[in-house]
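The values are calculated or read from the model by the stated rules, or taken from the named source; none is laboratory data. Computed from a predicted structure; not experimentally measured. Backbone-built Cβ (ideal geometry, glycine too); neighbour counts: all protein chains shown. Surface areas here come from the heavy atoms of the whole protein model, side chains and all, with no ligands, DNA or RNA. Shrake-Rupley method; radii C 1.70, N 1.55, O 1.52, S 1.80 Å.
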Amino acid sequence: MNWDRERTVEDSALQAEIQAAGPIPKHIGFIMDGNGRWAQERGKMRVEGHREGIESVRDIVKAASSLGIGYITLYAFSMENWRRPQAEVNVLMDLLVRYLKSELDELHENNVRMLAIGKLNALPKRVQRKLFECIDIMKDNTGLNLTLALSYSGRWDIVRAVQTIALDVRRGKVSPEDITEDLVSSYLLTSEHPDPDLIVRSSGEMRLSNFLLWESAYSEIYITDKYWPDFRRQELYDAIRDYQKRERRFGKTSQQIAQDSANSGIVGRILDKFKF
Ligand code: FPP
């Protein structure tokens, strides 16, 4: 199903309003928390929360794609999640395979490119097979970049990058003076992604939980009390509206930001005039 065709008039109008109101984040990272509590509060098994959480994933992916967000990264399974009861880990792995199987055609039809970050060789072989198949089929797509963080840890990725840089120094490919922030970024698994403009966390917890630690240095953070299974496109729109109200200063003063924006307006008008 082509997602553009299934959009309602109301939703298209809402999205147009958001697009006109301010910048749309290029990259949003989602810490999808609260599946277990959502289920427990309804007297259901935790797995029901994960199942319903997948419905939220479906809705957010579609909405992000039509809004023109370039990248979304979903924290689907952290390295620390391996410490959960084996039965819950098995269910999460099964759900992941089921999601990949059922969504592959639709994601591909809608031009989504799938990527994955994390210690992927720690995943069960059946998950790795399906995941790499999906990534391969969608590799040339040019729409939304959908990154699944699986068996992921931000600290682990930084350590991995540092080890690889050290090896390259030993091989003479890199000299210690070449080690800059950009070089470190280029060794991370997220090297193809812009840094996230916005990190969204559901279920009210105020922490990053080892998610995109290096990359989120200047990310805006949005936390909602909603549990992930209740986090649907309306919540995404609220998060973006909130983001649009933030002043991103990157260490500068408010006055400098206002001056930068006035200058870029003047430069833009000059470029327009001379049709550069
Ligand atoms: C956190 O909720 C959620 C997870 C550890 C897994 C997230 C997984 C999904 C939404 C489904 C699979 C994802 C994809 C991309 C197909 P929690 O269990 O920690 O909730 P709690 O804090 O209330 O216990």
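Accessible surface for the chain, divided over its residues, is 54 Å² per residue with a 1.4 Å probe. May I have the pair-distance distribution P(r) for region 162-276, computed from all Cα-Cα distances with 5 Å bins from 0 and rounded to whole percent? Calculated P(r), rounded to whole percents: 2, 9, 13, 13, 14, 14, 13, 10, 8, 5, 0. Working ranking of peptides 9-16, 96-103 by packing, defined as the average number of other Cβ atoms within 10 Å per residue, highest first, is 96-103, 9-16. Of all lysines in the structure, those lying under 23 Å Cα to Cα from K101, and not within fewer than 8 positions of it along the same chain, are K62, K119, K125, K130, K139. Counted over all Cα-Cα pairs of region 99-211, pairs farther apart than 21 Å make up 51 percent.
Stokes-Einstein diffusion of region 69-125 at 10 °C, 1.306 mPa s viscosity, Kirkwood radius from Cα pairs, rounded to a whole number: 122 µm²/s.
For the chain, the dipole from Cβ point charges (+1 on Lys and Arg, -1 on Asp and Glu) about the Cα centre works out to 520 debye, to the nearest 20.
Remark on N145: its backbone amide H falls under 5 Å from those of Y71, I72, R113, a criterion applied only to residues 5 or more positions apart or on other chains, H modelled at 1.01 Å from N.
Would you be so kind as to identify which of A39, F132, W228 lies farthest towards the positive end of the dipole of the chain, taking Lys and Arg as +1 and Asp and Glu as -1 on Cβ and the Cα centre as origin? So the residue we want is F132.
Of all lysines in the structure, those lying under 17 Å Cα to Cα from K245, and not within fewer than 8 positions of it along the same chain, are K26. Each Cα pair under 8 Å and six or more residues apart adds its separation to the average, and for the chain the resulting relative contact order is 25 percent. Overall, the ratio between the Cα radius of gyration of the chain and 2.2 N^0.38 Å, rounded to two decimals, is 1.09.
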